[in-house]
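Heads up, the thing below is written out as structure tokens.
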Amino acid sequence: MWRTRAVVDLLIRDVSGLPEEPDREPLEVLRRARRRARLVALLDLGALATLFALRDRAGVFLAGEGTAAVFSLGVLAVAAHAGFRLAQAGSLGAVARVCEELESREPEA
């Protein structure tokens, strides 16, 4: 027989990659991390919108020379980070759902 608490801790620590916080509930740690990942992704998307709103319209996007190349690399880096954070929020949500289901199946003592 497995111990639900040990499985939940394993999921949070090893699968999610979140550190243990002894003073908090494991599901609360997951919720906070997911909320933080979504917030950072939203900030990244806001930064992308700002970059595109303020860019030089005469220049070519994804150019290979000069300041346009630096702008293009910056946009790609911010977009990649936003994608990473959105994927992280999705995986943290999946782990949270599994943990909630495990805890709901646990027989009451």
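The values are calculated or read from the model by the stated rules, or taken from the named source; none is laboratory data. Only a predicted model underlies this, so the values are computations on that prediction, with no experimental measurement involved. No Cβ is skipped: glycine too gets one built from the backbone with ideal geometry, and neighbour counts run over all protein chains shown.
Could you count how many residues in the stretch 70-90 are surrounded by 15 or more Cβ atoms within 10 Å (Cβ to Cβ) and either of a type in the set (A, V, I, L, M) or in contact (Cβ under 8 Å) with a residue 60 or more places away in the chain (or both)? Even if it seems obvious, please write down each step before you answer.
From the stretch 70-90, those surrounded by 15 or more Cβ atoms within 10 Å (Cβ to Cβ) are 71-72, 75, 78-79, 81-82, 85-86, 88-89; that's our starting set.
Now narrow it down to the ones that are either of a type in the set (A, V, I, L, M) or in contact (Cβ under 8 Å) with a residue 60 or more places away in the chain (or both): 75, 78-79, 82, 86, 89.
Qualifying residue count for the region: 6.
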(request) Would you check if there is a residue in the stretch 1-18 being in contact (Cβ under 8 Å) with a residue 24 or more places away in the chain, surrounded by fewer than 17 Cβ atoms within 10 Å (Cβ to Cβ), within 16 Å of the chain's Cα centre (by Cα) and part of a helix (DSSP H, G or I)? (result) yes
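Rundown of residues vs (1) modelled with pLDDT of 85 or more; (2) closer than 29 Å to Leu10 by Cβ, yes/no style:
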site	(1), (2)
Arg32	yes, yes
Arg55	no, no
Leu73	yes, no
Leu102	yes, yes
Ala109	no, yes
What do you reckon, is Gly46 within 29 Å of Ser72 (Cα to Cα) and at pLDDT 85 or above?
yes
Test for Glu21: is it assigned to a loop (DSSP other than H, G, I, E, B), within 24 Å of Thr4 (Cα to Cα) and acidic (Asp, Glu) | yes
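Residues of the stretch 62-76 being in a helix (DSSP H, G or I) and farther than 15 Å from Leu42 by Cα, which ones? I'd like the intermediate steps shown before the answer.
Initially, the stretch 62-76 is screened for residues in a helix (DSSP H, G or I), giving 66-76.
Within the stretch 62-76, Gly66, Thr67, Ala68, Ala69, Val70, Phe71, Ser72, Leu73, Gly74, Leu76 meet the criteria.
Is it the case, given these coordinates, that Ala41 is modelled with pLDDT of 95 or more, under 27 Å from Asp14 (Cβ atoms), in contact with a Lys or Arg (Cβ under 7 Å, 6 or more places away or on another chain) and surrounded by 15 or more Cβ atoms within 10 Å (Cβ to Cβ)?
Working: modelled with pLDDT of 95 or more: yes; under 27 Å from Asp14 (Cβ atoms): yes; in contact with a Lys or Arg (Cβ under 7 Å, 6 or more places away or on another chain): yes; surrounded by 15 or more Cβ atoms within 10 Å (Cβ to Cβ): yes.
Yes: the conditions hold for Ala41.
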